[in-house]
Amino acid sequence: MTDLHDLCKFTKRPLTEEYVDNLKYYLKNGIPSTYTVEEAYNFENGKEDEETTSNTTPLHLICRHIPEDCTEEEIAIASKMVEILLEYGAGWCLVDSDENTPGCILIKRNLKKLPIYTQIVQAGVRAELLLRKVEEIEFVDEEDYLHDVEVNGEEVPELVEESSEVVEKSVEEPQPVEESVEESVEKPVEQPVEAIDPYANDPATNQETYLKTKLEYKDGALVTKENKDGVMMEWESELMRMGSDSLFKGVPEDAEEKKEDDMVVLNIGFGMGIIDTMIQNKKPTKHYICEAHPDVLAKLKRDGWYEKPNVVILEGRWQEQLTKLLSDGNVFFNGIYYDTYSEHYSDMLDLFDFVVGLLKPHGVFSFFNGLGADRQVVYEVYKELVEMDLNNYGLDCKFTEYEVPKETMQAPNNPQPESVWDDIKRSYWSCPVYYHPEARFMEY
Ligand SMILES: C[S@@+](CC[C@H](N)C(=O)[O-])C[C@H]1O[C@@H](n2cnc3c(N)ncnc32)[C@H](O)[C@@H]1O
């Protein structure tokens, strides 16, 4: 334990500017903001060379030790300290020995209301935006574009600024909270992918593999036959009801216009057909369903969906099917719902191009909002991100909060013995509240 770690344990009250000054002093003198308790322990015990498996950072300590009875002034001091640590590069999503990020610790201590929680979420949003930018950056390949020139008799490399051949360099993304961030952020792919990414051929993250994986409908769920990964589950029915209701709100305000407007909706991803059954019950004029998996398409056939007069089945991936619809240019939707499997946040960003092209001016776009939902603080970061991204497309997104049933949560947040995940290998949900999204064009 170092003085920096001791400082972040707040053993002396009240918290005053002295804490801020000391923190600045340590950081300015070269102690990294991410210096962990584990690293300090190894150092003190002569085990500097040993790798640490967990990262209890100063930010974790602040979140663990900030007193519950802080005064306003003390809260402001803690906020300043967190701001400084973040400025110095403290990681918002590193995990400690209990697999907790700093934000997770605050949630567990019921201290989400503190400004330091919001600061951590905002740091997460900034980090994700930065990561995206870094992935977009085009780097000049040093091997090809470095000229060796002589300066004072010595050869030094000089960067050539203009080149017609610029190659993109993939950048290793930092992934401290692996299981959460991997859900939402695509990895830069280089060949062979298996060598660098053990999940490269996992049906849950690789769409090509998923579409070749056998599925089965079983006990109120659609799962992958071999792995028992949950593709869709019955507990989501209430979320689907919210989604279906949202689609039917995409009508013109003007009564005359409303009478003339045909209700045309699109659902992307049939799964168990929960939302599609709800949509059918509301009798839309036309109901498009886009589905890519052969086993799910077989289910649509068995259950008579192809015979329904107002239903149009788009067989295949939405990426191809919506491209066709958009280029035909004769169908526009009052509502579009998106809930697929084995796709990433980057796919959703691609979808937004189609949404703005296919939605009627008064239409509504909604989706199953499970972005980062296996860790609450990541879920909150993605709520902010998706809202910003939709804004960039001229779509305003409102969220309705819905408290999910306790049996959808994992221990210790689920006090009941049964959980919906009992027979499922990996759970994709661990948040007490669902943020149901409803997006429409801003000017409407
Ligand atoms: C979570 S389920 C949808 C559940 C549905 N909302 C319901 O109420 O039952 C996801 C579905 O999306 C399908 N899917 C996955 N990727 C797709 C893609 N790129 N295009 C079309 N469908 C896709 C899957 O095969 C699966 O049937």
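General observations
- Per residue solvent-accessible surface (Å²) - region 3-133, probe of 1.4 Å: 51
- Amide H contacts of V231: L222, V223, T224, each under 5 Å away and 5 or more positions distant or on a separate chain (H built 1.01 Å from N in the peptide plane; Pro and chain starts excluded).
- For region 3-133, the spread of Cα positions along each principal axis, largest first, Å: 43, 38, 28
- Each of D229, D219, D347 has its accessible area taken with a 1.4 Å probe; listed largest first, they run D219, D347, D229.
- For region 230-441, the share of DSSP beta bridges that are antiparallel, to the nearest 5, is 35%.
- Above-threshold pairs, the threshold being 25 Å between Cα atoms, out of K9/K108; K212/K283; K249/K383; K383/K406; K324/K360; K12/K80: K212/K283
- Percent carbon-and-sulfur accessible area, region 332-444, ignoring ligands, DNA and RNA, probe 1.4 Å: 49
- Sequentially through region 266-280, phi angles give Karplus couplings (6.51, -1.76, 1.60; θ = phi - 60°) of 10, 10, 9, x, 7, x, 9, x, 5, 5, 5, 5, 5, 5, 4 Hz, Gly and Pro residues having no value and appearing as x.
- Net charge dipole, region 3-133: roughly 600 debye, given to the nearest 20, about the Cα centre with Cβ charges of +1 for Lys and Arg and -1 for Asp and Glu.
- In order along region 202-216, the Karplus-derived 3J(HN,Hα) couplings, from 6.51 cos²θ - 1.76 cosθ + 1.60 at θ = phi - 60°, round to 7, x, 6, 10, 10, 5, 4, 5, 4, 5, 9, 8, 5, 10, 9 Hz, and Gly and Pro are given as x.
- Sulfur and carbon atoms: percent of accessible area, region 3-133 [1.4 Å]: 50
The values are calculated or read from the model by the stated rules, or taken from the named source; none is laboratory data. Because the structure is predicted, anything quoted here is derived from the model rather than measured. Backbone-built Cβ (ideal geometry, glycine too); neighbour counts: all protein chains shown. Heads up: the accessible areas ignore ligands, DNA and RNA and are worked out on the full protein's heavy atoms, side chains in. Shrake-Rupley method; radii C 1.70, N 1.55, O 1.52, S 1.80 Å.
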